[in-house]
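*Asks:* This is the structure, below, for whatever I ask next.
Readers should treat all values here as calculations from the given coordinates under stated rules, not as data from a laboratory. The structure displayed is predicted, hence computed values, not measured ones. For neighbour counting, all protein chains shown are included, and Cβ atoms are generated from backbone atoms with ideal geometry for every residue, glycine included.
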Amino acid sequence: MKLKKTIVSLLAAVVVLATPAVAANAKALPNKNSNYWSQSRSIKTTRSITAYEHSVSNNTLSNTVLKKKTIKKGTTLTVSRINNNHKEWLLSGIKSSNGAVWITKQNTTSWMKIYVDPAFSTRFVKTTKDIKIVAHKVVNNVIQSKVAKKATIQKGATIYTRKLANNGGWIIFGNNVPNYKGAWVYTSTKSNWMDVQKVFSTKFSTVSSANPTSSGYVDGYFSLALGSYNAGGNTIYPGDSVKVAKTSDSSLSIIVNGSTYNFNSNDSNPTATLTNTYLQNVTKDGKTTGRMIVAKYAPNDSRNVLVKGFQPAQGDEWLTIRSDHQSYNVYVYVPMLNGWLFSNVYTPSNNQ
C-alpha cells in the first residue's frame, strides 16, 4: 500500500488554526472514517496495543512484518491514517529500523485520546522586539508554501502565538495582527522575541447555595454586593470572614471579632452569604454579554467560594477587590488559554 508523503518543510508544517481541544476522552474522538485523521495527531494510548514494523520502498509499505511489539497504555505518539485505509495507523515516536515504519491495526479510535504537548499550547505574549511575519493560505489545515502577504508586528504588541510542528516557527494571531483568512507565521525557531504573559487559572470550592439557612452560626462572608459597615469601631469589608446565622426569614446575625451584629436581611439581598464572591450578568441592549464576578481574591486563589455549578466562560470578567477597598483588579477569561488574563485596574466613579 502507498504511504502518504509526510510534509516536513518549514512553510508546509501542519497546523490547526483554531481548534478548541478535542475532549480528551476517547469516546469524544472523531471516528476512524473522519477526515480528521488525514493529518497527523498527537495522542496518548488509553490501553496497550500491538504495533508492527514494516519496511518502506518507493513510498510503499511491504507486506512483511519485520518486528512486533506491544505499546503500553499511556504512551505518547503521533498518529495518522494510512491513505484511505481506515484500519491501519502510522505511528511516529517509536524508534524504527532504517527505511522502516511502525503501524497498528485498529478498527476504532477507542485506543487513544488526544494529547496536547504543553510546548505547542497557545501563549499570550508581548513582543520584545519588532518581528516580521508572513501570511499564507491554508488548505485542509495545511499551510501552503507561497507567501501571500508580509507585515511587521511592533515591539510591545500583545498577541497570541502557538508553536508549529517540525520546528516550523510560530503561528501569530490576535487583535494586533492584520486581518487575513489564512495564517500569519513568524519563521523564527527561537522564543527570545516574546515575553509570555501570566495566565491565571481558576481555583475555588463550592457550596450548594449562597444564602445562609442554619439557625446556628456557620462560616460565611460579609456580602460582596454591599459596601463596608462600621460598628463599634470595627469596619467590616465586603468579603470579610464572619460567623453567620439565619435568625428569621427577614434577619441575619453575624459575629465579627467577638462582637454580634443583627441585620434586616432577605435572600434576594443578604447581608452575609456563604460565598466570598458575587456574580451578576452583564447586559448590553437587553442581551446578556457575559458575567461579572466580584471577589475578595484573584481567580487563581483556592480560597474563592462560589455556588456549585459555576464554570468560567467567554466574556466573563473577574473583579478582585484591591487593598484600598475602592478599586478592583480586572481579569478577563480567555477559553483558548483556559484561564484569566489581567486586564486593568478599575476604580468606580462617585456617580456610578
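*Asks:* Starting with the highest mean, order 238-247, 252-261 by the number of other Cβ atoms within 10 Å, averaged over the residues of each peptide.
*Replies:* Working: 238-247: 20.1, 252-261: 16.0.
Descending mean neighbour count gives 238-247, 252-261.
*Asks:* Using Cα-only point scatterers and the Debye equation, what is log10 of I(q)/I(0) for region 238-352 at each q in 0.11, 0.23, 0.24 Å⁻¹, rounded to two decimals?
*Replies:* These q points yield log10 I(q)/I(0) values of -0.45, -1.34, -1.38.
*Asks:* Largest first, please: the extent of the C-alpha atoms of the chain along each principal axis, to the nearest Å.
*Replies:* 88, 47, 37
*Asks:* Hey, another quick one. How much length is gained if the chain between Asp301 and Ser201 is pulled fully straight, taking 0.36 nm per residue apart and subtracting their Cα-Cα distance, in nm to one decimal?
*Replies:* Answer, rounded to one decimal: 35.1 nm.
*Asks:* Which far-off residues, 5 or more places away or on another chain, put their amide H under 5 Å from the one on Thr247, with H placed in the peptide plane?
*Replies:* For Thr247, whose amide H was placed from the backbone, the distant partners under 5 Å are Leu252, Ser253.
*Asks:* Hey, what do the phi angles of region 146-154 turn into as Karplus ³J(HN,Hα) couplings, whole Hz, using 6.51/-1.76/1.60 and θ = phi - 60°, x for Gly and Pro?
*Replies:* So the Karplus estimates, Gly and Pro as x, are 6, 7, 9, 8, 10, 7, 10, 9, 6 Hz.
*Asks:* What ranking do 66-79, 126-139 get when scored by the average of other Cβ atoms within 10 Å per residue, highest first?
*Replies:* 126-139, 66-79
*Asks:* Let me ask something else about it. For region 35-49, take each phi angle, set θ = phi - 60°, evaluate the Karplus expression 6.51 cos²θ - 1.76 cosθ + 1.60, and give the result in whole Hz per residue in order, putting x for glycine and proline.
*Replies:* Going residue by residue, I get 5, 3, 8, 6, 10, 5, 9, 7, 9, 10, 5, 9, 7, 6, 9 Hz, with x marking Gly and Pro.
*Asks:* Under 5 Å between amide hydrogens, which residues at least 5 positions from Ala272 or on another chain qualify, with H placed 1.01 Å from N in the peptide plane?
*Replies:* Ser223
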